[in-house]
Amino acid sequence: MANPIEVQKFLKGIDYPADRRTLVTTARREGASEEVLTALEHITDRSYDGPNAVSQEVTHAS
């Protein structure tokens with residue numbers, strides 16, 4: 001299970017709203033671990049309006 005704080009570390013500077021593909025691509029480019037990438041790949045495919053929405057979804061998807 002990925003820590004939502006660690007997930008946010010790899011999404012720093014992203015422009016919201018952002019969809020799942022953008023989140024995964026950004027995290028991969030920033031050197032995220034497989035654990036973080038897997039967590040992001042398993043969140044609902046929708047538009048996220050900010051880091052809190054992403055953190056909440058990562059917590060629920062884990």
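The values are calculated or read from the model by the stated rules, or taken from the named source; none is laboratory data. Small disclaimer: the values here were computed from a predicted structure and weren't measured. All Cβ positions, even for glycine, are placed from backbone atoms using ideal geometry, and neighbour counts span all protein chains on display.
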- Note on the structure: Checking A32, A27, A2 in turn, the sole residue that is part of a loop (DSSP other than H, G, I, E, B), touching a residue at least 12 places away in the same chain (Cβ under 8 Å), touching a Phe, Trp or Tyr at 6+ places or on another chain (Cβ under 6 Å) and not charged (D, E, K, R) turns out to be A32
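Considering segment 35-44 alone, what residues qualify as being in a helix (DSSP H, G or I) and in contact with a helix residue (DSSP H, G or I) (Cβ under 9 Å, 6 or more places away or on another chain)?
Selection gives E35, V36, L37, A39, L40, E41.
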- Message: I need a count of the residues in segment 25-37 that are within 17 Å of G50 (Cβ to Cβ) and not hydroxyl-bearing (S, T, Y).
- Response: 1
- Query: When both residues are 6+ apart or on different chains and their Cβ atoms are under 6 Å apart, which pairs have a first residue that lies in segment 45-59 and is part of a helix (DSSP H, G or I), and a second that is modelled with pLDDT of 95 or more and surrounded by 11 or more Cβ atoms within 10 Å (Cβ to Cβ)?
  - Reply: P51/Q8; V54/Y48; E57/I43; V58/V7; V58/A39
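Looking at P17, is it surrounded by fewer than 13 Cβ atoms within 10 Å (Cβ to Cβ) and touching a residue at least 12 places away in the same chain (Cβ under 8 Å)?
Spelling it out, P17 is indeed surrounded by fewer than 13 Cβ atoms within 10 Å (Cβ to Cβ) and touching a residue at least 12 places away in the same chain (Cβ under 8 Å).
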